[in-house]
Amino acid sequence: MGFSRHETSTPDVEPNVVMVKFKKKATASARRAAVSKVGVVEEEASSGVVKLKGNAAAQDLLKKVKGDPAVEVASLSYRRRIAAVPNDPYYGSVQQAYLNTVRVPQAWDLTKSTGSQIVAVLDTGVDAGHPDLAGRLVPGYNATSTTRPNPVDDNGHGTMTLGIIAANANNGVGIAGVGWSAKAMPVKVAGSTGIANDLDIVEGIDWAITHGATVLNLSFASPGDNPVLHDAIKRAIAKGVVVVAAAGNDGSAVLQYPAAYPEVIAVGATNAGAVLTDFSSYGDWVDIAAPGWDVLSTTLRGTSQYAYCSGTSCAAPIVAGVAALVKNKWPTLTPAQLEARLKTFTRDAGPRGKDPYYGAGMLDAYAALGGRWAPDFPANPIDLNDQPERAIPLSSSISTTISTEGEVDWYEVVSSAARNLRVTLTGPEFNGDQYSVNFGPRIDVYDTDLKFLTSAVTPFPTSGTWGPLTATADVSAAMGSTYIAVRNANGSRDTRPYELTIEETGAGGTNPGVSYPAREVQPPDLASGQALDTRPAVTFPRAVLADSVNQTTVRLVHGRTSTTVGAGVTYDLETRQAVIAPTTPLLDNTPYRIVVSGVKEAGGADLVPFSSVFSTLDVAPPKPAFDATGAYLAANLSWQVPALPDLDQVIVRRNAGSQVPTLTTGTLVYAGTATAVKNTGLAQGVTYTYAAWVKDRGGKVSPVAVSQLLGMKTTISSTAALINYGGTITVRGSTLRIDNKAYAGLPVNLYVRPKNSSTFKLLASLKTTSTGAVSYAYKPLVSSVFMMTFPGNGDLMGTRTVDLTVQVAPTISATLSPSTIRLGQVTKFSGYVAPAHYGKPVYLQQYSNRVWRSIASVKLTTSGAYAFGIKPAIRGQIAYRVWFPADADHAQAFTANKILTVS
């Protein structure tokens, strides 16, 4: 499952409501007129500000009132969440510092619920009576004993790891658990010594997944791959259970299990400043990092109910708690998908991209739960002595620092003749109780061809407070260059300086070891700001087999995804340099790793695998391919953003008129990461100018892309407003630009509906002439309403005419026979109504005293026939007619007047 690197949060708006501040000079009647546009005043917010509510959407209401002359300013009524600040007393004084590092407090603003998720903590058990764990525990299990089923903690470690996840938040007691209201399942797999055997761990895993656990926290680690343990973890994953494990506290690259299993989320430990601790194990198997230094948590009740925890054991529960929050929000995520989400939304720290120390980066709980991104943690500048070719010349001593995880400082000592050298590396004060990062001195010494001569490393003490650690190497140096590589043995960085001293003394000697595989790498290791047309290169220190240097053995990979970049590789035998030529420009602000593996030295031995990382220049994003298409009262906007590794958002603004908006002027239409939006609520007959920009995470903005839609107007008319049934009208119209410019061939749709219907149907699809005119002859059978539309196109806004009504009156024939009668005789007035209106009454009217009066009525037959018998009571000439009253389909109609002579 894929995830965009960053998602965009959307504002929460009170529906059907706008806030209006009236101008000071606005009269009461002017205010009432403005209010009548939307509804009634809900409440007075402050002087001159009212809250208006209507039936329409809030955005539509805003458009109605914004242009009112009585209104000074109008706005949507936004709803804002208070920031979650638990009232636990230790939260503000202790926890907030390191929880802010991984943005847990911000994540609580999005969700505080783990719902039905259960986090099983496989550890030393739990102090179930701890007051800060009340209500947070579900029944657990003791895998270490067949006679004591309860997982009672006799060590304290389990209570500590469980409390990090599930301590009651906002209960006014102690600390706040990362899961806020998480349910935790204590599974005891270790006893009072804190040592767990794999058999108990496997039993605990199987029991937990059988009893409803959805997240497992495994805060233990040691070397040794056990396939039985691996199978148990695979069973958990197969059942949809997320497994989180501590990376280990060995401070080395030795594989630690179960964290090193690929299905497990392996967690390294940092301090509150997102700096890797010196004890955190590292390697390509580490997935993510979280704070694991001075993490306050629950402990066994006694002299204190709370204690500080340092170790990857304390970092893993933070990740497990966030995993439960994420899984509750997206319960269908598989374990692999949830892991991908956590890793996708990390913040880079240390070497750029995925690295052996932080894995994908620092956990970002807020981003993982759908919040906006935060900037990566800054990388320290490099000192450019990262490879032997850039080694600093040294004759006596130097003092400097290891400023980035995994950094190597190279020094060159030149000897005019063979001699014995003593190399001494002294670190700053080593104090594991006071400092989260300490320097463990390691020296590697090579000859002029970078063949290994000797090394020295001082192991870390395991307890207590100590002074500086020192490593000393005696070496026999030949005439020429001797190279010295200085590292922090635990891979971490330290802002305190070390001191390297060279003396011509000692017993000399050499030891067998691994020769160094590179003399120079370009760009330099850990370099940033490299050009997008960079051609990375590796210079080998010794002759290698040319046919072993190819696209498979010398590669450039994406620093985050580890995918290989398409490139050609060339090798120069004379210079011993391999050059990587990417087939397309590199992405900006992106980490890349040069990987050498499988190259063979001239003698046929494998060259030691090697890698080096660099990142590219952060340049302004390219202009988006942006287009606006007109519609009626709307515009359809779409854009394409070229590949961008650090997209923040696309910003679209508009102006009414031809002036191009800027980033701070006009109306904001959209800001987000989608690729299209429909801008509604526009006015007819207005030109709109749209501008779009791409903004990256560094705040850089692309050149503006502009698209303009010209305002249009459409008219409609008819040759008659009233016709008789069977008659023909010609509907005419014109579609012109608002400055009266005509376009030939524009599509205009003519619609019609019966007067008694609300549904228009397409009558004809027309094309404008060179003058913008259209016409259509039509014979309506009933009274009809017509309208025309121009749907708009890539340059023009859409339009719609007003409704045009054409009445259709039925035809009524009339016969008076005989037309002359004597007083007392009867005559007949008869005829037909077309179309027939069976059962519809028609009325016989007589003209008397200058007024037509209805004197009789009959209902029409199925053929539309009617007949009246007339027997006048007076002599003279009398006028008669028949009247058909209007109905839903037709207008009223009258027969011709008939004159009856009575003698």
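Summary table
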{"read-out": "Farthest toward positive dipole pole in the chain [+1 Lys/Arg, -1 Asp/Glu at C-beta], among Gly772, Val619, Ala367", "value": "Gly772"}
{"read-out": "Of (1) 13, 36, 28, 16, 6, 0; (2) 12, 32, 29, 20, 6, 0; (3) 12, 28, 26, 17, 10, 6, 2, 0, the label for P(r) over Cα pairs in 20 Å bins from 0, in percent derived from the coordinates", "value": "(3)"}
{"read-out": "Residue-wise HN-Hα coupling along the range 876-890, computed from phi with Karplus coefficients 6.51, -1.76, 1.60 (Hz; x: Gly, Pro)", "value": "x, 9, 10, 8, 10, 7, 10, 10, 9, x, 4, 10, 5, 9, 9"}
{"read-out": "Set of lysines with alpha-carbon distance to Lys21 below 25 Å, sequence-local pairs under 8 removed", "value": "Lys37, Lys51, Lys53, Lys63, Lys64, Lys66"}
{"read-out": "Estimated vicinal HN-Hα couplings, Hz - the range 556-573 in sequence order (Karplus 6.51, -1.76, 1.60; Gly, Pro = x)", "value": "10, 10, 5, x, 9, 8, 6, 7, 6, 7, x, 6, x, 10, 10, 9, 9, 4"}
{"read-out": "Per-residue Cβ neighbour rank within 10 angstrom, fewest leading, Phe220, Phe868", "value": "Phe868, Phe220"}
{"read-out": "Count of Lys pairs (Cα-Cα under 24 Å; at least 8 positions apart or interchain) in the range 652-771", "value": "6"}
{"read-out": "By average C-beta atoms within 10 angstrom, highest first, the peptides 206-217, 467-478", "value": "206-217, 467-478"}
{"read-out": "At least 20 Å along the helix axis (C-alpha) and Kyte average at least -1.0, DSSP helices within the chain", "value": "312-329"}
{"read-out": "Share antiparallel - DSSP beta bridges, the range 89-368, percent rounded to 5", "value": "25 percent"}
{"read-out": "The range 625-709 - charge dipole about Cα centre, Lys and Arg +1 at Cβ, Asp and Glu -1, debye rounded to 20", "value": "120 debye"}
{"read-out": "Ranking of Ser615, Ser528 by count of other Cβ atoms within 10 Å, fewest first", "value": "Ser528, Ser615"}
{"read-out": "Computed helical MRE - 222 nm, the chain, DSSP H runs ≥ 4 contributing -39500 (n - 2.57), nearest 500", "value": "-3000 deg cm²/dmol"}
{"read-out": "Gain on full stretching of the segment that runs from Lys51 to Ile899 - 0.36 nm per residue minus C-alpha separation", "value": "298.4 nm"}
{"read-out": "Average Cα contact separation per residue, the chain, under 8 Å, 6 or more apart, as relative contact order %", "value": "6 percent"}
{"read-out": "Alpha carbon centroid spacing (whole Å) that separates the range 575-654 from the range 266-335", "value": "32 Å"}
{"read-out": "Estimated dipole of the range 704-791 in Debye, rounded to 20 [Cβ of Lys and Arg +1, of Asp and Glu -1, Cα centre]", "value": "100 debye"}
{"read-out": "In nm, spacing of pseudo-spin labels at Arg235 and Lys25 (7 Å Cα→C-beta vector)", "value": "8.3 nm"}
{"read-out": "Additional length obtainable on full extension of the chain from Ala886 to Asn511, 0.36 nm per residue less Cα span", "value": "123.6 nm"}
{"read-out": "Anchor Lys327: lysines whose Cα lies under 17 Å away (excluding residues fewer than 8 positions away in-chain)", "value": "Lys112, Lys183, Lys239, Lys343"}
{"read-out": "Length gained when the stretch Thr575-Val228 is fully extended (0.36 nm per residue, less Cα-Cα span)", "value": "119.8 nm"}
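None of the figures in this text is laboratory data; all of them are computed from the coordinates on show. Keep in mind that what you see is a predicted model, and the values were worked out from it rather than measured. For neighbour counting, all protein chains shown are included, and Cβ atoms are generated from backbone atoms with ideal geometry for every residue, glycine included.
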